[in-house]
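Read the structure below first, then the notes.
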Amino acid sequence: MFSDFYGNDDIQNTLQQMLRRDRAAHGFLFYGDSGLGKKTLAAHVAAALLCSSDEKPCGMCKSCRMFEKHTHPDAVFAEHSGKRGGFSVETVRKICTDLATPPNEGDAKCYFFFDCDNMDARTQNLLLKAIEEPPSYAYFFFTAQAQTALLPTIRSRIIAMALMPVSESDCRRALMQHGYAAGDCDSAIEAFHGNIGACLSFLENETIRETVALTKSAIHSIIKKDEYALLQIAAQAGTDRERTRLFLMLLDRTLRDAAALRCDASVSLTGCDPSGASELSRLLTAAASQIMHLSIDRAYAALHANVNLPLALSALCAACMDAR
């Protein structure tokens, strides 16, 4: 049923059983890191609910064709608004009003709230009544990085499913099906492991590849205790907030790998620099790893608080050198 979706077999099997028995929940939350396929999985389930054929989703019927082209009248995608990318009260009220109108095609209407990590409590409370007692034809799909993005009152009325990275072999197979050479796939997987979406972004986006390279350089500057080089790298990484966010995430994951390798040499790695993590694991004490992690947390907080980025990254560099 989900032939082009890799990994998370238990979740796929559960969803398939629901759909085959016509017992689909009226609300779903798919959560996990960016790139794991949350929106893709939500679209697969919605396509099956909207499909008019016996084998769902067939990909051939009128409903499936409209859904694929984003023209299906019964597939409603809530638009983001504001600097934080939440959902406005007006948008949610329109959706609540639309609920009273039966489907135009078939037996289902699907409402999508993608990337709802910054969905505020007021808009969620407006939705609560609709989610508590939805019409028989209404289905809600939410995606977020953490399940705590939604209020407990919302979560208690829907099914929350955590998506995990796929195996590296499945990730390689998916990337090669997109037409990428084996060597390019290996480079992407070294940086982002079993996260197919992140690997594809790495292969398609030069800025991401540059940020991965900067992170590796930063790790080796820490190893060599070269503060000047680290400051130069941080200055390059801090030219853009999205690049800074990615740089901090990759740096933190590699430091996590170094700390984990001290305890277990066979641990699964999550960072972008396996060799750097291995070398750091021999150099850093547990206390030093914790200091660096907390320093990255402070840099994250500064990033979200719109604090001067160069200043925040300079403080991070100083803390890393002191810990080293």
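The values are calculated or read from the model by the stated rules, or taken from the named source; none is laboratory data. Quick caveat: nothing in here was measured; it's all calculated off a predicted structure. With ideal geometry, Cβ positions are generated from the backbone for all residues, glycine too; neighbour counts draw on all protein chains shown. The accessibility values were calculated without ligands, DNA or RNA, using every heavy atom of the protein model including side chains. Shrake-Rupley method; radii C 1.70, N 1.55, O 1.52, S 1.80 Å.
Within the range 101-144, track down each residue that is hydroxyl-bearing (Ser, Thr, Tyr) and part of a strand (DSSP E or B). Those that are hydroxyl-bearing (Ser, Thr, Tyr) and part of a strand (DSSP E or B): Tyr111, Tyr139, Thr143.
Within the range 162-175, the residues that satisfy the criterion of being surrounded by 14 or more Cβ atoms within 10 Å (Cβ to Cβ) and in a helix (DSSP H, G or I) are Glu168, Asp170, Cys171, Arg172, Arg173, Ala174, Leu175. Lys39 satisfies every condition listed in (1) charged (D, E, K, R); (2) closer than 22 Å to Gln177 by Cβ; (3) in contact (Cβ under 8 Å) with a residue 24 or more places away in the chain; (4) part of a loop (DSSP other than H, G, I, E, B) except (4). Restrict the check to the range 289-311 and report whether at least one residue is touching a Lys or Arg at 6+ places or on another chain (Cβ under 6 Å), more than 30 Å from Asp186 (Cα to Cα) and not hydrophobic (A, V, I, L, M, F, W, C). Taking every residue of the range 289-311 in turn, none turns out to be touching a Lys or Arg at 6+ places or on another chain (Cβ under 6 Å), more than 30 Å from Asp186 (Cα to Cα) and not hydrophobic (A, V, I, L, M, F, W, C). Evaluate the following for Glu133: is it free of Cβ contacts under 8 Å to residues at least 12 places away in the same chain, open to solvent by 80 Å² or more (accessible area, probe 1.4 Å) and closer than 30 Å to Leu303 by Cα? Spelling it out, it is not the case that Glu133 is free of Cβ contacts under 8 Å to residues at least 12 places away in the same chain, open to solvent by 80 Å² or more (accessible area, probe 1.4 Å) and closer than 30 Å to Leu303 by Cα. In the range 49-66, the residue that is least open to solvent (accessible area, probe 1.4 Å) out of those that are in contact (Cβ under 8 Å) with a residue 24 or more places away in the chain and over 19 Å from Ala24 (Cα atoms) is Met66. Considering each residue of the range 9-29 in turn, none proves to be assigned to a loop (DSSP other than H, G, I, E, B), open to solvent by less than 70 Å² (accessible area, probe 1.4 Å) and over 20 Å from Arg155 (Cα atoms).
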